[in-house]
1. Only bridges whose two residues both fall in the chain count here: according to DSSP, what percent of them are antiparallel, nearest 5?
2. What are the equivalent ellipsoid semi-axes of the stretch 1-78, built from the alpha-carbon gyration tensor (square roots of five times its eigenvalues), in whole angstrom, biggest first?
3. Using a 1.4 angstrom probe, figure out how much accessible area the chain has per residue, in square angstrom, rounded to the nearest whole.
4. Quick one: helix 156-167 against the long Cα principal axis of the chain, what's the angle to the nearest 10°, folded into 0 to 90?
5. Debye sum, Cα scatterers, the stretch 53-130, no solvent: what log₁₀ I/I(0) at q = 0.17, 0.18, 0.19, 0.25 1/Å?
6. What does the charge dipole of the chain about its Cα centre add up to, to the nearest 20 debye, if the Cβ of each Lys and Arg holds +1 and the Cβ of each Asp and Glu holds -1?
7. Collect residues whose amide H, placed 1.01 Å from N in the peptide plane, falls under 5 Å from the amide H of V29; neighbours closer than 5 in sequence don't count.
8. When the accessible area of the stretch 36-81 is computed with all protein chains present and a 1.4 Å probe, what percentage of it is carbon and sulfur?
Amino acid sequence: MSHKLLVVEDDEATAAYIVKGLTEAGFTVDHAADGREGFFLASDGSYGAIILDRMMPAMDGMSVLKALRAAGIDTPVLILSALGTPEDRVEGLTSGSDDYLVKPFSFAELLARVQLLLRRAGAGNAVVTVLRHDDLEMDLMARRVKRGGKAVDLQPREFRLLEFFLRHAGQVVTRTMLLEGVWDYHFDPGTNVIDVHVSRLRRKLDDGSERPLLHTVRGAGYRLGLAA
């Protein structure tokens, strides 16, 4: 069973409260501050459960939920909303969510509901322990990386960076996504930290290979995958 959760919540204080509580409960928690970012992070299907605010900028929670289900992502979703009429709850549940909790809420109840969703999902979902793309393989449990059958020695940050790229293989990944997804920064530190780490990772993956995998997309970010 995965213990990685995604909290999609635009209210900073509420998000910090939930993330802190879930982290203390032993979960690995990612946070998205708007619906569009939440959809992007959730679209790889890697989370055990998603806590989704309903009213958010950029893309509201119901649109995120419908887009995920339309894309075939069946990650359990708990909607968290100030909209609590019976009609609101019915709409949330019939639109593809697995549970609905009304604000204000107690953290103990939120935690219990998340644990229940994870237990239900655990019976049918296989645990993903290996990520692959072309001849690149990452074993998440053993923390080993191989390309073409040869071991690639990565530092912890490089390992996390590569995992992020593999979970979004074929997609353009922006610097902002990397800052938030790999460094847990929600601001731009104004350094070249990303360029340094990507450059180092590229050398380890692609040097000597006739088929480079890690590419710079000018003006946009980076993409992991074979050249088109």
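The values are calculated or read from the model by the stated rules, or taken from the named source; none is laboratory data. Because the structure is predicted, anything quoted here is derived from the model rather than measured. With ideal geometry, Cβ positions are generated from the backbone for all residues, glycine too; neighbour counts draw on all protein chains shown. The accessibility values were calculated without ligands, DNA or RNA, using every heavy atom of the protein model including side chains. Shrake-Rupley method; radii C 1.70, N 1.55, O 1.52, S 1.80 Å.
1. So the antiparallel bridges in the chain amount to around 50 percent.
2. After diagonalising the Cα gyration tensor, the semi-axes are 19, 16, 8 Å.
3. Per residue, the chain has 51 Å² of solvent-accessible surface.
4. With rounding to tens, the tilt is 70 degrees.
5. The computed values of log10 I(q)/I(0) come out as -0.72, -0.80, -0.88, -1.28.
6. 880 debye
7. Here the answer is L5, since their amide H atoms fall under 5 Å of that of V29.
8. Its accessible area is 56 percent carbon and sulfur atoms.
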